[in-house]
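Q: Quick one: the structure is below, and I'll ask about it shortly.
The values are calculated or read from the model by the stated rules, or taken from the named source; none is laboratory data. Because the structure is a prediction, the values reported are computed rather than measured. Virtual Cβ from ideal backbone geometry, glycine too; neighbours counted across all protein chains shown. Remember, those area values only see protein heavy atoms, side chains included, never the ligands or the DNA or RNA. Shrake-Rupley method; radii C 1.70, N 1.55, O 1.52, S 1.80 Å.
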Amino acid sequence: MSELGLSPQLVDRTFPFHVAFDAAGQVLQVGSVLQRLCPALVGSRIDDVLEIIRPEAMAFEIARIQQHPRTVCVVQLRDRSLKLKGQMLTLDNGSMMFL
């Protein structure tokens, strides 16, 4: 079976509210709808703009998130104007997370 590779454009069309960040917490990519709602997200540290509210006491730390691979997370903008619900997936052998 061949590996399915998705272009950034196809990822955006499929997941317009996605966020991808690296192990340092730097936001690398944001879906187009989320980008319109929160233009400050791209290039920022994820925990400066978003907070995890479920599961409680969870931080944007890849090693910690990997301990809960099937957990549904709820995150919100720090100004509480938007909540997102989904799973966080590890990409690139643990060097990146995708919500």
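Q: Find how much the distance from residue 44 to residue 66 grows on full extension, using 0.36 nm per residue of separation minus their present alpha carbon separation; answer in nm with one decimal. Please report the intermediate quantities before stating the final value.
A: On the way: separation 22, 0.36 × 22 = 7.92 nm, distance 2.19 nm.
Full extension of this stretch gives 5.7 nm more.
Q: Output ³J(HN,Hα) for the stretch 70-76: one whole-Hz value per residue in order, computed from phi by the Karplus curve 6.51 cos²θ - 1.76 cosθ + 1.60 with θ = phi - 60°, and x for Gly and Pro.
A: Whole-Hz 3J(HN,Hα) from phi for the stretch 70-76: 10, 6, 7, 9, 10, 10, 9.
Q: Whole angstrom only: what separates the Cα centroid of the stretch 35-99 from the Cα centroid of the stretch 18-34?
A: 9
Q: Which whole-number value in Å² is the accessible area per residue of the chain, probe 1.4 Å?
A: Details: 6310 Å² over 99 residues.
I get 64 Å² per residue for the chain.
Q: What value does the chain have for Rg/Rh, both radii from Cα atoms and Rh as Kirkwood defines it? Present the calculation step by step, with values, prior to reporting the outcome.
A: Values: Rg = 13.0 Å, Rh = 13.7 Å.
Reported Rg/Rh, Kirkwood definition of Rh: 0.95.
Q: For the stretch 1-91, which GluC sites (Glu not before Pro) pass both filters: DSSP loop (anything but H, G, I, E, B) and at most 16 other C-beta atoms within 10 Å?
A: Details: sites: 3, 51, 56, 61; in loops: 3, 56, 61.
Loop-located and lightly packed - 3, 56, 61.
Q: If the only charges are +1 at each Lys and Arg Cβ and -1 at each Asp and Glu Cβ, what is the size of the charge dipole of the chain around the Cα centre, to the nearest 20 debye? Don't jump to the answer; show the numbers that get you there.
A: Values: 10 positive and 10 negative charges, 76 e Å.
Using Cβ point charges on Lys, Arg, Asp and Glu, the chain gives about 360 debye.
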